[in-house]
Number of protein chains: 2
Amino acid sequence: MASNIVLSNIEYKVVGTRPIRHDGTDKVTGRAKYGGDFSSADLIHGKVLRSPHAHAKIKSIDVSKALASSGVLAVITGEDMPVGKSSDVSQANRFAAQRLIAQDKVLFKGHAVAALAANSSHEAETALALIEVEYETLTPVMDVQASMKDGASLLHDDVTTTELGEKTDKASNLASHIRFEMGDLAKGFAEADVLVEHEFTTATVHQGYIEPQNATAMWNADGQLTIWTSTQGAFTAREEIATALDLPVSRIKVVPMEIGGGFGGKIPVYLEPLAALLSKKSGKPVKMLMPRADVFECTGPTSGTHIKVKMGASKDGKITGAQAYLAYEAGAYPGSMVSAGAQCIFAPYEIDNMVVDGYDVVVNKPKTMAYRAPAAPNAAFAAESVVDEICEKLGIDPIEFRLLNASKEGTRRVDGPTFPVIGNVETLEAAKDSEQYKTPLTGTYRGRGVASGFWFNIGLQSSCAIAVNADGTINLVEGSADIGGTRASIAMQAAEVLGIPAEDVRPSVGDTESVGYTFLTGGSRTTYATGFAAHDCAQEIKQKMIERAGTIWEVPHEDIQLVDGVFQHKSDPDLKVSFQELAGRLNSTGGPISSQVSVDPRGAGGAFSTHIVDVEVDPETGKVDILNYTAVQDAGKAIHPSYVEGQMQGGVVQGIGWALNEEYVFDDNGRMENSSFLDYRMPTSLDLPMISTVIVEVANPGHPYGVRGVGEVPIIPPMAAIANAISHATALRLRHLPMSPANVLEAIWEKEGK
Amino acid sequence: MASNIVLSNIEYKVVGTRPIRHDGTDKVTGRAKYGGDFSSADLIHGKVLRSPHAHAKIKSIDVSKALASSGVLAVITGEDMPVGKSSDVSQANRFAAQRLIAQDKVLFKGHAVAALAANSSHEAETALALIEVEYETLTPVMDVQASMKDGASLLHDDVTTTELGEKTDKASNLASHIRFEMGDLAKGFAEADVLVEHEFTTATVHQGYIEPQNATAMWNADGQLTIWTSTQGAFTAREEIATALDLPVSRIKVVPMEIGGGFGGKIPVYLEPLAALLSKKSGKPVKMLMPRADVFECTGPTSGTHIKVKMGASKDGKITGAQAYLAYEAGAYPGSMVSAGAQCIFAPYEIDNMVVDGYDVVVNKPKTMAYRAPAAPNAAFAAESVVDEICEKLGIDPIEFRLLNASKEGTRRVDGPTFPVIGNVETLEAAKDSEQYKTPLTGTYRGRGVASGFWFNIGLQSSCAIAVNADGTINLVEGSADIGGTRASIAMQAAEVLGIPAEDVRPSVGDTESVGYTFLTGGSRTTYATGFAAHDCAQEIKQKMIERAGTIWEVPHEDIQLVDGVFQHKSDPDLKVSFQELAGRLNSTGGPISSQVSVDPRGAGGAFSTHIVDVEVDPETGKVDILNYTAVQDAGKAIHPSYVEGQMQGGVVQGIGWALNEEYVFDDNGRMENSSFLDYRMPTSLDLPMISTVIVEVANPGHPYGVRGVGEVPIIPPMAAIANAISHATALRLRHLPMSPANVLEAIWEKEGK
């Protein structure tokens, strides 16, 4: 069930409708070209040799036998990385290079140690086995608590703690500590009638996109490098590759292939610089595909975390103070996204007194990367569980409690900014009014849970070009990878301006040389920022066409307006021409019309989401079934409601997986034991009910149509909502993810004293 | 030897230099992707069955055996052409379709009759032989004189003569007759002291590009058609395909592959619509490559012609009147370019009294198409031969004679327009002053010839997009196919505006969905019109960057200027920032900068050329050797002088081939007997001396840098110059092309009474 609560009253012709996506046929017929589909004459194949150890020194690498092996054309090791150990390289750039291929030390099982390219995949595979690497193994540290212990094995000699912005000189696995605070926390807790404080942990989980990483590189004889890859951001990939290879960005062209899921995980590059170096050495185009096990073991999952939350409330249900300790795994190199978790954790609430500490901790796992609303779901799992327990203790309905404490326009966030117009209250009201919430849940071992989430969303740079075709259609080139239907949502925003149907726009995704700079698809920014660019570009086109009509009619163009796809004189009813007709006349009346616009909009609007879930727990097996699920979310304005609903449902599904099953299981030596889709248990359609959605529309004043981002916030509430539901079903508060059958059963047994 | 006579005194930093072309490495290393290099999964292969008869009715076609043949997935005939015999189709569109594949009648040997696609080329070839076609042969007409005779076999029932704009109802092979006239010709001839009148013929010749025609088509399940092809104009190809297939242009995307020569011959489509229909039937991408013999027999060569010219002059060397009769082969369907020949024939001269008649005549040869300055070289061969004979009779130096009669600013052309600033006189002066002309030629059977030529050049629609990279380079997307180095010449015009080196521009050629409408590469328009678009787009970029600098410095942007690649405040010397530095700051100061501009410039400037050639004739064999050749030409402004010189030399070489060797040889049934590069004798480097060039620069006021087109005019004078040189070597006036050894020897024998 899907519903749509519209709070803005502007009528649109195209925005808000549900046209078929422009790339739909290509996607369902298999004609769309993904990175793995790339082929070219002379193509050779690259493979990566990866470390079997989670933590070890590399004593030597002997590639001579591999190089002599049949069909092998190039071999590289960390020594070939232009940005490497040299002391004039910044630590950040050195780490960025070492993340791609180890130099001196391997820091996680699967860390690239060498790569080679051969005429066939088989020859490459055979030759890999001939590379001889001598390691001195070291003790791995596998979670933040172990890693932060005194005497823990250190990953880096030169990572020293940054304590609240101050660099210390103590080598440590704790890379940095940040703090956000507001008000007087002690006073807040003193005013509380009820105080709840708990510890939580969440396991490492992966984005689980279907398409593995891939890259083909051609290092041309003139030094120009072309990369074909499935990426969330062709321009940001270009920057990363440029940094690793020490090249100016204009020496690199990144051609974005279609992308089979990303969720943040296809922002960073992995194979691209290796393929480039192999191509440089061999003089041939080099294609590399990542095996599934490598995707799990060597690309960036999200952080495993250790979180403590303490909240206090008065007996009338007002939160008086809140505190959080967020320790996030960064993986092998510094840079978890803990600060985003710290920004979001308490954002659904107006709280006067808050302290949030964030700790970025290196461990012997692959460098963590963004995963849909990165860092926020873990934090929300803890905070929203604590909120639920407070509601329970106070006997207040969890939605009423949230409404009582809801952040709204003017509320200050713990990290500083004050909210502009937001839809938190409207989202909560819609949740309260939803079919599911209004329908009582009955039955034993059944429970209902509620949780909220906030994601700030981002703006940043986007470009869009439009050219008018003689048949009245337009071509639109955008720089944003289309992961979730943004060709449609961007095209629709241009169509709305010009008064033409969405089908009359031919959108395409440009490479880094065919459209202006566009930041990556992520941060729920694409429909917002690239849509903004499309809107502005369409406005330019509209203005140029109005001027042309003025030239043809010999009237001042100020007297002409575009109404419902017809250019018309404001006072002379005889002077009118449809968009299509005028388009057909352009070439003979002064030439074609085209425009390109780049924007960096600063009005990204935050998104709130409240989820309601009903579960049933099987006390015999510990298995949790999702009976019913409603996701309510403020989209600002849903350009294409189907894709907004799809994003909401997708976020919920990933949240359910994270809540109930997904986790990296490591052996004692830090080797992942479940690196396949069979063993890493993601939910399938058989595990899930239909997810109901309610789109709330509180227009974002920072966008022409009121768009907020929609892709990320729906993954934030599910884990807490499900934990709260399990608690109401079983009277057990589960504070460690995943709440898998084994873990649930163990908790039940513990409670029952078994 | 190359020299450059600069008459404009503007100093440029980039324009006029000779950077290495951006696509040079790709071209010389074989990495550039031509149409023949296209590959994709699932690709099948198309072949065309062609008529063995030059003129025949198709009585029946039976494709059943072919369709049942191994691996065959689709077969088409003329019946499958959406735009076909139907009476609501215009004659022009019907002919355009029938040119691609015959319906009812075949009109030339090699006319497509059916096409099929199979899993392999071999299976396609095998199946072709199984198509059974029953013909009723008709008498072919093979030249304009035979075709215009009463009682000649008619190609079309419904082609009726258009007599000076008036449609007649007489079915005829003469499709139209046009006339340009000025002054009083009878009076002009009456005033003449010398009158010379002769008849000339020229043979059918081919552009002789190295790369054969090719096309791959993918008709997607959603009805969208993508075409990959080597074409001179992706947008015009799109229009032609749209017409043939009765589709709106936005249903078609044409991706221009690199192009291995065109010279006008790759403007029309041949295989593209057939591949599209085969793809529609088979559901798979269909690739078609044209064999070399088909290129000769089935694509459009230039017109064979029958020309009469009569000119009179006073004894002091002033031309008093000129008359021309131009009968041009159209090939199988109406539409030679005779009118261009009529426009150009007398344009180098200021003549008060002129009449030019042009006749467009269908014959049983492939439809003629543009070949470098189409129709003008044939006309100039006749007119410039007559001029030379007048000079000889009057004893006036041929360059002095031309200077005496030279057209200049204000001179009216026979077709109406009055010349703006032109460089005819300056070109003649430069020719007179050239090393070759100043050096006497001695020796027996040696002679020097001079001839001039004019080509009007065209403007029309072009688009260009520019985006600034953070490293201070720019990406430039243009819609013009790059045949002769226009990536460089266009990039340089943008670089000049922005004060950056040519190497800091990354130019690329967009497909029809990635840049605004751009008319074809031809008419010597690309450096002029697309360069104009690049200039204007760069101006927009410059303005946006000036505004950004104003924002950063918090000063009015009107106070900022760009000088030598540095943005600087007009009065505060401390405020300055290089292009590169500002480029690096864009993303953090308001976002990236990009623009796209479409233009339709109306100030294309005509080009004049005067050539000097010294030849030696071997009286034993009739072979003519080119001893020395100087081409002098007004380029307006040579953006990249090397490519201007290359165009001049290339035009001369093609002219030499046309003059001395090239011709279609037909048997009595209209079948070409020399359709291979072995038998169709084009000049090679062994046949040629180094061609000296003198670039004259009389700036075209209709272009920001003064550019005129340069590609076409150099092919106009060679045939006449060589004929005149042979005349001075042998005292024989040869008036029929080619002046091949056999033809020269025959003329020598005839003169000697052998």
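No lab work stands behind these numbers, since they all come straight from the coordinates. In this text the structure is predicted, and so the values were computed from the model without any measurement. Counting neighbours? That spans all protein chains shown, and the Cβs are built from the backbone with ideal geometry, glycine included.
General remarks:
- Condition met for residue A:662 (in a loop (DSSP other than H, G, I, E, B), touching a Lys or Arg at 6+ places or on another chain (Cβ under 8 Å) and under 29 Å from residue A:736 (Cβ atoms)): yes
- Residue that is nearest to the other protein chains (Cβ to nearest Cβ), among those in the stretch B:445-466 that are surrounded by 21 or more Cβ atoms within 10 Å (Cβ to Cβ) and more than 24 Å from residue B:703 (Cβ to Cβ): B:451
- Among residues of the stretch A:562-589, those that are under 27 Å from residue B:249 (Cβ atoms), free of Cβ contacts under 8 Å to residues at least 40 places away in the same chain and polar (S, T, N, Q), counted: 2
- One residue stands out in the stretch B:392-411 among those that are in contact with a Phe, Trp or Tyr (Cβ under 9 Å, 6 or more places away or on another chain) and free of Cβ contacts under 8 Å to residues at least 60 places away in the same chain: the one that is surrounded by the fewest Cβ atoms within 10 Å (Cβ to Cβ), namely B:410.
- Taken over the stretch B:412-427, the criterion of being surrounded by fewer than 17 Cβ atoms within 10 Å (Cβ to Cβ) and either without any contact (Cβ under 8 Å) to a residue 40 or more places away in the chain or closer than 20 Å to residue B:314 by Cα (or both) is satisfied by B:417, B:418.
- Filter result for the condition that a residue is touching a residue at least 12 places away in the same chain (Cβ under 8 Å) and crowded, with 21+ Cβ neighbours inside 10 Å, over B:281, B:308, B:287: B:287
- With respect to (1) in contact (Cβ under 8 Å) with a residue 40 or more places away in the chain; (2) within 20 Å of residue A:276 (Cβ to Cβ), the lone exception for residue A:77 is condition (1).
- Yes/no for residue B:491 being within 14 Å of chain A (Cβ to nearest Cβ) and assigned to a helix (DSSP H, G or I): yes
- Residue match in the stretch A:573-592 (condition: closer than 30 Å to residue A:343 by Cα and either in contact with a strand residue (DSSP E or B) (Cβ under 6 Å, 6 or more places away or on another chain) or of a type outside the set (Lys, Arg) (or both)): no
- Whichever residue in the stretch B:494-512 is facing chain A (nearest Cβ under 10 Å) and over 28 Å from the mean Cα position of the chain (by Cα) and, among such residues, is nearest to residue B:643 (Cα to Cα): B:503
- Those strands (runs of 3 or more DSSP E) of the stretch A:194-244 in which 2 or more residues are farther than 30 Å from residue A:401 by Cβ, within 14 Å of chain B (Cβ to nearest Cβ) and in contact (Cβ under 8 Å) with a residue 60 or more places away in the chain occupy A:214-219.
- Filter result for residue A:442 (out of contact with any Lys or Arg (no Cβ under 8 Å at 6 or more places or on another chain), away from every other protein chain (no Cβ under 14 Å) and either part of a helix (DSSP H, G or I) or at positive phi (or both)): no
- Residues that are within 21 Å of residue A:266 (Cβ to Cβ) and not hydroxyl-bearing (Ser, Thr, Tyr), drawn from the stretch A:218-240: A:218, A:225, A:227, A:228, A:232, A:233, A:234, A:235, A:237, A:238, A:239, A:240
- Restricting the stretch A:245-265 to residues that are of a type in the set (D, E, K, R) and within 13 Å of chain B (Cβ to nearest Cβ), the residue that is nearest to residue A:77 (Cα to Cα) is A:246.
- Test: residue in the stretch B:635-644 that is in a loop (DSSP other than H, G, I, E, B) and within 22 Å of residue B:722 (Cβ to Cβ): no
- Tally, over the stretch A:22-62, of residues that are touching a helix residue (DSSP H, G or I) at 6+ places or on another chain (Cβ under 6 Å) and within 14 Å of chain B (Cβ to nearest Cβ): 3
- Test: residue A:335 is under 20 Å from the mean Cα position of the chain (by Cα), surrounded by fewer than 24 Cβ atoms within 10 Å (Cβ to Cβ) and part of a loop (DSSP other than H, G, I, E, B): yes
- Selected residue [more than 14 Å from chain B (Cβ to nearest Cβ), surrounded by 17 or more Cβ atoms within 10 Å (Cβ to Cβ), more than 18 Å from residue B:516 (Cβ to Cβ) and of a type in the set (Lys, Arg)] from A:637, A:570: A:637
- Beta carbons closer than 7 Å, at least 6 apart along the sequence or on distinct chains, pair a first residue in the stretch A:590-607 that is more than 19 Å from residue B:548 (Cα to Cα) and more than 9 Å from chain B (Cβ to nearest Cβ) with a second that is acidic (Asp, Glu) and surrounded by 24 or more Cβ atoms within 10 Å (Cβ to Cβ) for A:607/A:634.
- For the stretch A:527-549, a residue qualifies if it is in contact (Cβ under 8 Å) with a residue 60 or more places away in the chain and aliphatic (A, V, I, L, M), and the qualifying residues are A:529, A:533, A:534, A:538, A:541, A:545.
- The residues in the stretch A:506-539 that are in contact with a His (Cβ under 8 Å, 6 or more places away or on another chain) and over 21 Å from residue B:509 (Cα atoms) can be counted, and the count is 3.
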